[in-house]
1. Pull up all non-local amide H partners of residue 384: gap of 5 or more, or a different chain, and H-to-H distance under 5 Å with H placed in the peptide plane.
2. Apply 1/(1 + (r/R0)^6) to the Cβ-Cβ distance of residue 104 and residue 397, taking R0 = 35 Å, and write down the FRET efficiency to the nearest 0.05.
3. Explain nothing, just compute: Karplus ³J(HN,Hα) = 6.51 cos²θ - 1.76 cosθ + 1.60, θ = phi - 60°, for every residue of the stretch 351-366 in order, whole Hz, x for Gly and Pro.
4. What is the ratio of the Cα radius of gyration of the stretch 307-445 to 2.2 N^0.38 Å, with N the residue count, to two decimals?
5. If I model the stretch 364-439 as equal point scatterers sitting on the Cα atoms and use the Debye formula, what is log10 I(q)/I(0) at q = 0.13 Å⁻¹?
6. Nearest 0.05, what FRET efficiency do residue 342 and residue 245 give at R0 = 35 Å with Cβ-Cβ as r?
7. Using a Debye calculation, one point per C-alpha and no hydration shell, please list log10 I(q)/I(0) for the stretch 274-349 at q = 0.13, 0.17, 0.24, 0.26 Å⁻¹ in order.
8. Enter the accessible area of residue 203 (Å², nearest 10), with the probe set to 1.4 Å and all protein chains included.
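The values are calculated or read from the model by the stated rules, or taken from the named source; none is laboratory data. Remember, it's a predicted structure, so these values are computed and weren't measured experimentally. Methodologically, a virtual Cβ is constructed for each residue, glycine included, from the backbone with ideal geometry; neighbour enumeration extends over all protein chains shown. For the accessible areas, the whole protein counts, side chains as well, though only heavy atoms, and no ligand, DNA or RNA atoms are used. Shrake-Rupley method; radii C 1.70, N 1.55, O 1.52, S 1.80 Å.
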Amino acid sequence: MRSERDVMNLLEDWLADGAQPMPDHILETVSETIPQVHQVRPRAFDRRMPRALVATAVAAAVIAAIIAGPEILLRLRGTDRFLPAAAPPQVRLCDTPTFRAPLTIDTLQTGVGPMHVTTGDFNGDGATDFVVANELDGAGTLGVVLGRGDGTFGEPTRFASGRAWFVAAADVNEDGSLDLVGASPAEGSVAVLIGDGLGGFAEPRYFPAGDEPRSLVVGRLNGDQSLDLAVAATGSNAIAILYGDGRGGFSGPEQVATSGTPSSVIAADFNGDGHNDLAIAMSEAQDLEVLLGDAEGGYGVPRLFPANFPASVTAGDVDRDGRIDLVTGNPGMAGVAVLIGDGLGSFGVAQFLPLGEGHTPGPVIVARLDDDLVPDVAASDFTDDNVVLFRGEGGGRFALTELIKVPNGPLGMASGDFDGDGRTDLVTSDANANSATVLLNGCGG
């Protein structure tokens, strides 16, 4: 039987995915811990409410159920009110990530040279959409593809963005709709496109971001609660910090020098002080660099952790101890590295997961790809035309599970639930064919 902490972790992940009704295959795990059913519907709250309010309301129901003891089973479903108990459904779980045949989407209508991809709900219909950064499409575009929620998609729409190499989605003007931020190394700027909540985006506003910005992360980096940007400025050997005004504008940049050439940056609270810190991958350096942030947007002395020449980095709690860990893609060393965090801002010796000669893993994703509670890792493999899956075995350990053939050079990769079954699907941007490839997670189905 799972612990109550496992249940809370499940609920946190569910909220992070947008507080959609909890899928039945996850519900069964919850049912193991708390045995009688109440039903709560987060959609009863306006979808534009700050997620913190939704999370607070749902967390209150969860805590009440746990306090009530073994007679209560919290069932999070798509209803408006509390209903009588119901027996949990019989659901066949799977313990190995399994993906259906790749669905290739021609993005020539979206643009040329797809470099990076990210996901989000851009039109507020509850279905997961994705956007591709097209560096070589004329003066550069962001190609938005709206999902229907059943694993199919509408026609792509292009929006001018400059020669964006990287794209992120976040609500930078705090109106409840996702906006887009693209980083353009050729132009030394980031482009901000404000979303209308219906799948459309305004003309871009450009903000300087150092020399050759190739990656960025959106997060609160000082004490004013507005979203800011941390940009990996490759040509400046620095992280360019742009402070948001809460209305879609940014000031700066303030540059924080790095010990090498930054290629990827992620923000998370590594030392538990409530402030976002930065982890920086530098493909030409042996080490991963960590900068611990303070309440005013300042950073301490860089901390370096050997990581086998990381080119990309992501964060997640891979060993489920409540502390943030780091996972890197290491194309120069043909593998993936896992660094376990101690919750105080330091990381242990990297566990290296080799793929072998000829593989060049790029962006990495930490997500649950099967039906257990243990996070898994996926990485795109540009040179060998693969998506690589590592199944989590617990305790921060991973085993190579599968190489999924994705023709045409998968360069970027992102995750989301495209068909509404509650499982994590994947999408890649395919640089060699001006396409995107969607991998629907069948997980044994």
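1. Amide H to amide H, under 5 Å and 5 or more residues apart or across chains, residue 384 pairs with 360.
2. 0.55
3. 8, 9, 10, x, 10, x, 4, x, 9, 10, x, x, x, 10, 10, 9
4. Here the Cα radius of gyration is 1.00 times the empirical estimate.
5. Those come out to -0.37, one per q.
6. Efficiency, from the Cβ-Cβ distance: 0.50.
7. -0.36, -0.61, -1.10, -1.23
8. Taking all protein chains as shown, residue 203 has close to 150 Å².
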